[in-house]
Amino acid sequence: MSDIDRELAQRSKRGEKDAYCTLVERHHVAVFNVALRMLGNFDDAEDVTQETFIRAYKSFLSYDLTRPLAPWFKKIATNLSINRLNATKDTVQLNLDIQLKEASGNAMPEIKTITSEEQDQVRDAIHSLPLRYRTVIELRHFQDLSYNDIALTLKLPISDVKSDLFRARKMLAIKLKDLITDK
Amino acid sequence: MNHPTFEIINEFYDGTLDLSSTDELERHLDICPSCRNMVEELHNISGLMIGLEDLTPGCSLVPKIQTQIYRIQLWNGWKQFLLAQAIISIFLLALLVPNRVYMARQITSLMEELSGLSLPIIASTVSVSIRSAYELIISKLVLRIPVVSFSSHLGPGQIVLLTGIAALLSGAVFIVLLRKSSLEVRR
């Protein structure tokens, strides 16, 4: 957690009203984008962002300040997005209590410079994935969770996480074939 | 080595493949352009996702969230106010009821009767513990509170009204003190 976040969180816990609002200002874009990738809809993403910060505020007093805030906000947003998409089923439910570690990867991919049309294409491709695959892509690629943390978060065996991620990437590779070969 | 599956290549890419399989796969990648392409494909997919820029939500979102947070904070303040009122009301009611000494004795004798019944061991132990705790409270607290002399002249409605007014005032004082202390913390 950054020093500013830690200080704001401590001030917020002491009852300073404006401190939490500053935290909202600092993190709302990241949280909104998590919801947008999951839901694919601007209005719904804004609703989930709002709900995320309210939910977090209500359990803020019991939050362990040694843990970083940003991943916690993002996980609440992911969970709320899943609930919204999956209101009647309970197949994907996040565990918000686990401690997250940095993901380890083999190689750091270079950042591709892509036009806004191409960005829309990537967003559409992600959003067209089934919810289960979209969730692992979100957690692995955008929230940098390791296989183990994804498995703990989704309460799934690690083998399922691996195969979901494999299928999700394969589907993305097909959907984004033109973009991948162009680059 | 035969061509590895896309699943194996995924694990290789994520660095979760075991060491010996990784060595074997690396040797294979040196000689197999199609598998190398698959690794490249994964690399490009990741690159595309990392290259996604964050979109900005509408400018009314943050004020909307902040308004909601302020509402919750206000409601929390009211909850503290109501809690303070409830506590003070109970205390004042206990103080103003004229026959509270008599009531306390009645309750004590009821507890005695209860503990004298042939109850199962657990129920009896619980009953005795409750009685001891209650007697302690009665002797240490309730009976030591001086009787408010004028309360014996008040009717039940007047007692409730008086308690309500006093609780309201005390609750307001409590909230003012609370606000003042939170302002001091902020400074």
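Residue pairs, Cβ under 6 Å, 6 or more apart or interchain, first in the range A:110-127 and closer than 18 Å to B:S46 by Cβ and part of a loop (DSSP other than H, G, I, E, B), second of a type outside the set (A, V, I, L, M) and at pLDDT below 85. List them.
Close Cβ pairs satisfying both conditions: A:I111/B:G51; A:K112/A:K183; A:K112/B:G51; A:I114/B:G51.
Taking the criterion of being free of Cβ contacts under 8 Å to residues at least 24 places away in the same chain and within 47 Å of the chain's Cα centre (by Cα), would at least one residue in the range B:22-41 satisfy it?
no
Any idea which of A:L100, A:L96, A:L36, A:L65 is farther than 22 Å from A:V161 by Cβ, more than 11 Å from chain B (Cβ to nearest Cβ) and either at pLDDT 90 or above or part of a loop (DSSP other than H, G, I, E, B) (or both)?
A:L65
Given the residues B:T67, B:T16, B:T22, which is the only one that is among the polar types (S, T, N, Q) and facing chain A (nearest Cβ under 7 Å)?
B:T16
For residues in the range A:152-183 being among the β-branched types (V, I, T) and buried (at least 20 other Cβ atoms within 10 Å of the Cβ), which is modelled with the lowest pLDDT?
The residue in question is A:I180.
Restricting attention to the range B:46-57, does a residue exist that is under 18 Å from A:L165 (Cα atoms), facing chain A (nearest Cβ under 10 Å), charged (D, E, K, R) and free of Cβ contacts under 8 Å to residues at least 12 places away in the same chain?
Checked against the condition, which is being under 18 Å from A:L165 (Cα atoms), facing chain A (nearest Cβ under 10 Å), charged (D, E, K, R) and free of Cβ contacts under 8 Å to residues at least 12 places away in the same chain, the range B:46-57 yields no hits at all.
Looking at A:K17, is it within 7 Å of chain B (Cβ to nearest Cβ) and either out of contact with any His (no Cβ under 9 Å at 6 or more places or on another chain) or under 24 Å from A:T135 (Cα atoms) (or both)?
Yes.
The values are calculated or read from the model by the stated rules, or taken from the named source; none is laboratory data. Predicted model, so just to flag it, every value in this text is computed and none were measured. We place every Cβ from the backbone using ideal geometry, glycine too, and count neighbours over all the protein chains shown.
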